[in-house]
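See below for the structure under consideration.
The values are calculated or read from the model by the stated rules, or taken from the named source; none is laboratory data. Note that this is a predicted model, so its numbers are computed, not measured. Reconstructed Cβ throughout: ideal geometry from the backbone, glycine too, with neighbour counts over all protein chains shown. Heavy atoms of the whole protein, side chains included, go into the accessibility calculation; ligands, DNA and RNA do not. Shrake-Rupley method; radii C 1.70, N 1.55, O 1.52, S 1.80 Å.
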Amino acid sequence: MAKQLAAVIGTGQTHHTAKRQDVSMAGLCREAIDRAMADAGVDWPEIDAVVLGKAPDLFEGVMMPELFLADALGATGKPLLRVHTAGSVGGSTGNVAASLVQSGVHRTVLAVAFEKQSESNAMWALSILPPFSMPVGAGAGGYFAPHVRSYIRRSGAPEHIGAVVAAKDRRNGARNPYAHLKQPDITVESVRSSPMLWDPIRYDETCPSSDGAAAVVIADESVASGRPAAWIHATAMRTEPTTFAGRDQVNPQAGRDAAAALWREAGITDPLSEVDVAEIYVPFSWFEPMWLENLGFSELGQGWKLTEAGETALGGRLPVNPSGGVLSSNPIGASGLLRFAEAAMQVMGRAGEHQVDGARIALGHAYGGGSQYFSLWVVGAERPGAR
Ligand SMILES: CC(=O)SCCNC(=O)CCNC(=O)[C@H](O)C(C)(C)COP(=O)(O)OP(=O)(O)OC[C@H]1O[C@@H](n2cnc3c(N)ncnc32)[C@H](O)[C@@H]1OP(=O)(O)O
């Protein structure tokens, strides 16, 4: 069945900080929603359905928060759907909302994703021993550190690459009025002298724990025509189990498969030449070169060379995370939708101080769990096929 055209017509996000004690969970979501709806120029009667994403309920200690949030999300009397794919959930929320429009089920759908980690303790929530599952150990950093070590060993990347990514993203974050961490004066040297947390991941190479929310309004062609829009060229999601014999956690098969499907649907044969800007889920700095390779922007073992050459910085061949990315703000459940929204803002020319000049094609990427879930989209300034 041919998909109908769909486009992002508005985006909104909150200010992200360690503790947003000035708002409730409902208030946090509403802050992002109100900005997205104002950006889109739509009012409640035009919203046909609401899709909500957030990461595990243990992060706030509230089971099924979508139930009490329904009213604040404007979902009373409308379909409300909760999505859950661990840390990638924000991206999956965008993709599910897009699919409701592309399938012709709804004309205009509101996607919203949030995390209010200060309500509970996410490090604890990620460290408990779930029955029948692998223990994560010391939070996400403890789980991913061996994979980063493994990447360094396999690729032969010099040890400073992680610090190059961190300094770049934090400086980018200083250009983003909504970012949690703003460090315009950070340097590769200062990152390398920050405390070691989970060897080889240092304090300044780690995302913060943030409170925050993001929202996007997605509409069909009849609604989007004549408005500023980021047209959705392709979406992809893939999953794999946490453990199986021969699993490659440095370069997961699910990520490779999702990327291949995405580029195929978008008609992109050379991602590095054809994509103008990428918002990639990088919670620990070394995941930039790892995901560049997994996504097919470079050959295996070569991703770090793009980083080292400055190609992923603003002004480079493929600016990665001009918003500051996850390293500058990580409200986990919202982080994927932030990547997707920032990609849309770039092709709509609405990214302000972190706008990439002339951006026409942008990637939004999210991953979650133990690198098990991948959600991606490509958005463009023109309708698909118009390039
Ligand atoms: C798929 C995924 O998303 S995987 C990633 C999941 N998320 C994580 O693993 C979170 C990783 N980060 C952390 O656990 C914590 O932020 C730590 C360990 C780095 C720091 O812990 P704490 O010092 O207890 O952080 P806490 O949240 O209390 O913040 C204290 C201050 O440090 C700042 N801060 C927190 N992390 C960082 C960081 N990595 N770099 C610089 N500053 C930071 C906060 O903004 C806050 O500043 P403020 O008082 O001015 O608001």
A chain fully extended from T187 to A26 at 0.36 nm per residue, minus the present Cα-Cα distance, gains in nm 54.2 nm
Mind putting a number on the dipole of the range 182-250 about its Cα centre? Charges go on the C-beta only, +1 for Lys and Arg and -1 for Asp and Glu, and I need it in Debye to the nearest 20. 80 debye
Two pseudo-spin positions, 7 Å from Cα along C-beta at N121 and at F68, lie apart in nanometres by 2.1 nm
Here, A2 and Y203, labelled 7 Å along Cα→Cβ, have an inter-label distance in nm of 5.8 nm
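Taking all protein chains in place and a 1.4 Å probe, what share, in percent, of the accessible surface of the chain do carbon and sulfur account for?
54 percent
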Go through V51, N294, P322 and say which Cα lies farthest out towards the positive end of the charge dipole of the chain; charges sit on Cβ, +1 for Lys and Arg, -1 for Asp and Glu. N294
Could you give the radius of gyration (one decimal) and Dmax (whole number) of the Cα atoms in the range 75-168, in Å? 19.0, 56
I want the local charge near S24. Using Cβ-Cβ distances under 10 Å, sum +1 for each Lys or Arg and -1 for each Asp or Glu among the other residues. +1
For 93-99, 148-154, ranked highest to lowest by mean beta-carbon neighbours within 10 Å, the order is 93-99, 148-154
What's the local net charge at T11, with K and R +1, D and E -1, over the other residues with C-beta under 14 Å away? -1
For the range 185-252, which chymotrypsin sites (Phe, Trp or Tyr not before Pro) are both in a DSSP coil and crowded by at most 12 other Cβ atoms within 10 Å? F244
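Hey, what's the chain come to in accessible area per residue, 1.4 Å probe, Å²?
For the chain, the per-residue accessible area is 37 Å².
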Please report, for the Cα atoms of the range 271-343, the Rg to one decimal and the Dmax as a whole number; what are they, in angstrom? 11.5, 32
Which GluC sites (Glu not before Pro) in the range 299-387 sit in a loop by DSSP (not H, G, I, E or B) and have at most 10 other Cβ atoms within 10 Å of their own Cβ? E299
In debye to the nearest 20, the charge dipole size for the range 1-152, taken about the Cα centre with +1 at each Lys and Arg Cβ and -1 at each Asp and Glu Cβ, equals 420 debye
What value, in deg cm²/dmol to 500, does the helix sum -39500 (n - 2.57) over DSSP H runs of n ≥ 4 give at 222 nm once divided by the residues of the chain? -9500 deg cm²/dmol
